[in-house]
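Enquirer: Before anything else, here's the structure in question.
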């Protein structure tokens, strides 16, 4: 009989597993939970996010690769532009270039570069490139 009273007292203090009881608040909290707490509630399934992560990682990697290739192309274009401008500003010319006009770069037999207004089809010199001076004072190739 004593054992039954001890078990009865223990059962009164401890709530069953399927009852949602907050020990701190000393009240039932099943109505405020964001999920079902009874046996008939829908089961909680953890979504498989591996596919989402894989697709996301592949998409982001593709974006990064594309951006990297764009930056490499931009860098190479900048290097080409710098080299062209160094070549043209170090070449020989005896006139003040006008912005927007087309000029032609030639190489003399002694290896000296010079800028001229004369078109390549008007004489027999080693032609390198046709250029224009833009509003930023940069030489750009002209086709």
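Enquirer: Quick check on the exposure proxy: order 54, 143, 138 from fewest to most C-beta atoms within 10 angstrom.
Expert: 143, 54, 138
Enquirer: Next question. Multiply the residue separation of residue 63 and residue 39 by 0.36 nm, subtract the distance between their alpha-carbon atoms, and state the gained length in nm to one decimal.
Expert: This chain segment gains 4.0 nm when fully extended.
Enquirer: Follow-up. With the chain treated as a Gaussian network of Cα nodes joined by springs under 10 Å, which of 122, 23, 58 yields the largest mean-square fluctuation?
Expert: Comparing 122, 23, 58 in the GNM, the peak value goes to 23.
Enquirer: Using Cβ contacts closer than 10 Å as the measure, can you line up 114, 95 from fewest to most?
Expert: Ascending Cβ contact count within 10 Å gives the list 95, 114.
Enquirer: Can you give the % of DSSP beta bridges in the chain that are antiparallel, to the nearest 5?
Expert: Looking only at bridges with both residues in the chain, the antiparallel portion is about 95 percent.
Enquirer: Under the 0.36 nm per residue contour assumption, what length would be gained going from the current alpha-carbon distance of residue 98 and residue 132 to full extension?
Expert: 11.4 nm
Enquirer: Determine, for 141, 96, the number of other Cβ atoms within 10 Å of each Cβ, and report the residues in order from fewest to most.
Expert: 96, 141
Enquirer: What's the extension gain from residue 118 to residue 81 if we count 0.36 nm per residue and subtract their Cα-Cα distance?
Expert: 11.0 nm
Enquirer: Helix 2-13 sits at what angle to the longest principal axis of the chain, using alpha carbons and giving 0 to 90 degrees rounded to 10?
Expert: 40
Enquirer: What nm distance separates the two modelled labels at residue 71 and residue 48, each placed 7 Å from Cα along Cα→Cβ?
Expert: Output for this residue pair reads 3.6 nm.
Enquirer: Angle check, please: helix 50-90 long axis (alpha carbons) against the longest principal axis of the chain (alpha carbons), in degrees 0 to 90, nearest 10.
Expert: So the inclination is approximately 20 degrees.
Enquirer: Helix-derived [θ] at 222 nm for the chain: sum -39500 (n - 2.57) over DSSP H runs of at least 4, divide by residue count, nearest 500?
Expert: -13000 deg cm²/dmol
Read the figures in this text as sums done on the coordinates, not as results from a lab. Note that the coordinates shown come from a computational prediction; the quantities given were computed from them, not determined experimentally. We place every Cβ from the backbone using ideal geometry, glycine too, and count neighbours over all the protein chains shown.
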